Amino acid sequence: MSPLVKVENLSKFFESSGEIFQVFDQVNFTLEAQSSTALIGESGSGKTTLIHVLAGLEPPNSGMVIIDGIKIWNSKESMRAIFRLEKMAIIFQQYNLIPSLNVLSNITLQARLINALDEAFQYELISLLGLEKLLMKYPEEISGGQQQRVAIARAILAKPKILLADEPTGNLDNENTRKVLEAFEILSARYKTTILVATHSKSVAKKLDTKLQIESGKATKTVIR
Ligand SMILES: Nc1ncnc2c1ncn2[C@@H]1O[C@H](COP(=O)(O)OP(=O)(O)OP(=O)(O)O)[C@@H](O)[C@H]1O
Ligand SMILES: [Mg+2]
C-alpha cells in the first residue's frame, strides 16, 4: 500500500510573550492509505496542533505535508479549503457544530456542501449513534456527549478520503465509544477512509492498526497488533 499522508521534517513552534515553545521538531511519518492510526501523547504534547497542521488550518514553521499527492502548505488557502471540504473530515476536540442549525442540518452539512448526501447512510448513522430523538434540537439544547456524536456523524456522513478525529470519544461512555468505533470501522471497510484518531483511551487505541506517539517534539510510529 502507498502512503496517503507524508509528513516531512515538520516543525512547529508557538511564540508567546517573547518565549518560543517548540511543539514538534523535524517530525517525519507516513500514514498508509486505508490505515487507522491512534495519535497518542500526554496532554499538551501537540496532538491537536498536529491535526490542525494536517488539516491545513494551522501553518507549520517548516517542513512539508503531502496528502493524496497535494503539498497542502504550498497551495493557496482557497485550494486548501476545497481540499478540506471534499477530501477530509475533521472531528474537532470542541466539536465546532453550527449553533444556528439544528442537529439534522449539522449532521448533513458537509455531505450536502459537496453534493454527496447518501440518505440511506444518513439514517444508518443516526440510528447507530442514537441520535434519532435529537434531530430537531439545536446544539445548545443537547449534552456534550450528544454534541460529540453529532460532530462524528457529520464527519462520517461526508465519506472523506481522510478522517482526522481529535479525542472523538472524550465525552462518551463505554457503550457510545463502542458505537463510534463501529462507525469508524464502517468508514474504513466500506469507504476505504484513512483514519487518524487522537486519543487518551487505551481501548480506542487498541482497535486501530498503528500507533503514532508524540513525545518531546518527536513522533514515533509503531504497529499495535
Ligand atoms: N495558539 C497557541 N499559542 C501558544 N501555544 C499554544 C497554542 N496552541 C497550543 N499551544 C501549546 O502547544 C502545546 C500543544 O497543544 P495541543 O493542544 O496540541 O496539545 P494536545 O496534545 O492536543 O493536548 P490535549 O491532550 O490536552 O488535548 C501546548 O503546550 C499548548 O500550550
Ligand atoms: Mg488536544
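The values are calculated or read from the model by the stated rules, or taken from the named source; none is laboratory data. Predicted, not measured: the structure shown is a model, and the values here were computed from it. Glycine gets a Cβ as well: all are built from the backbone with ideal geometry, and neighbour counts include every protein chain shown.
Worth a mention:
- Residue match in segment 24-39 (condition: part of a strand (DSSP E or B), within 16 Å of ligand 2 (Cβ to nearest atom) and at pLDDT below 95): yes
- Among the residues of segment 195-206, the ones that are farther than 18 Å from LEU54 by Cα and touching a Ser or Thr at 6+ places or on another chain (Cβ under 8 Å) come to 5 in all.
- When segment 44-81 is filtered for residues that are within 16 Å of ligand 2 (Cβ to nearest atom) and either closer than 21 Å to THR220 by Cα or in contact with a Phe, Trp or Tyr (Cβ under 6 Å, 6 or more places away or on another chain) (or both), the ones remaining, listed by number, are GLY44, SER45, GLY46, LYS47, THR48, THR49, LEU50, ILE51, HIS52, VAL53, LEU54, ALA55.
- Among residues of segment 34-63 that are under 19 Å from MET79 (Cβ atoms), those with a Cβ under 7 angstrom from a residue that is in a loop (DSSP other than H, G, I, E, B) and more than 9 Å from ligand 2 (Cβ to nearest atom), sequence gap 6+ or separate chain, pair up as HIS52/GLU58; VAL53/PRO60.
- The number of residues in segment 156-179 that are surrounded by 24 or more Cβ atoms within 10 Å (Cβ to Cβ) and part of a helix (DSSP H, G or I) comes to 2.
- Residue pairs meeting the criteria (Cβ under 8 Å; at least 6 apart or on separate chains; first within 15 Å of ligand 1 (Cβ to nearest atom), in segment 93-104; second modelled with pLDDT under 95 and part of a loop (DSSP other than H, G, I, E, B)): GLN93/GLY170
- Of the candidates ILE66, ILE90, ILE51, the single residue that is under 21 Å from LYS192 (Cβ atoms), surrounded by 14 or more Cβ atoms within 10 Å (Cβ to Cβ) and over 14 Å from the mean Cα position of the chain (by Cα) is ILE66.
- Applying the set (1) more than 16 Å from ligand 1 (Cβ to nearest atom); (2) surrounded by fewer than 17 Cβ atoms within 10 Å (Cβ to Cβ); (3) more than 25 Å from PRO60 (Cβ to Cβ) to THR222 leaves exactly one unmet item: (3).
- The requirement of being out of contact with any strand residue (DSSP E or B) (no Cβ under 8 Å at 6 or more places or on another chain) and not in a strand (DSSP E or B) is fulfilled somewhere in segment 1-23, by at least one residue.
- Restricting attention to segment 180-212, the residues that are in a helix (DSSP H, G or I) and either polar (S, T, N, Q) or within 16 Å of ligand 1 (Cβ to nearest atom) (or both) add up to 5.
- All of ALA205, ALA151, ALA183, ALA158 fail the test of being of a type in the set (Gly, Ala, Ser), touching a helix residue (DSSP H, G or I) at 6+ places or on another chain (Cβ under 7 Å) and in contact (Cβ under 8 Å) with a residue 60 or more places away in the chain, apart from ALA158.
- Residues of segment 213-225 classified as in a loop (DSSP other than H, G, I, E, B) and not basic (Lys, Arg), total: 3
- Qualifying residues in segment 45-70 (those that are part of a strand (DSSP E or B) and aliphatic (A, V, I, L, M)) - the one farthest from ligand 1 (Cβ to nearest atom): ILE70
- Criterion: at pLDDT 95 or above, away from ligand 1 (no atom under 16 Å from the Cβ) and part of a helix (DSSP H, G or I) - qualifying residue of ALA151, ALA120, ALA89: ALA120
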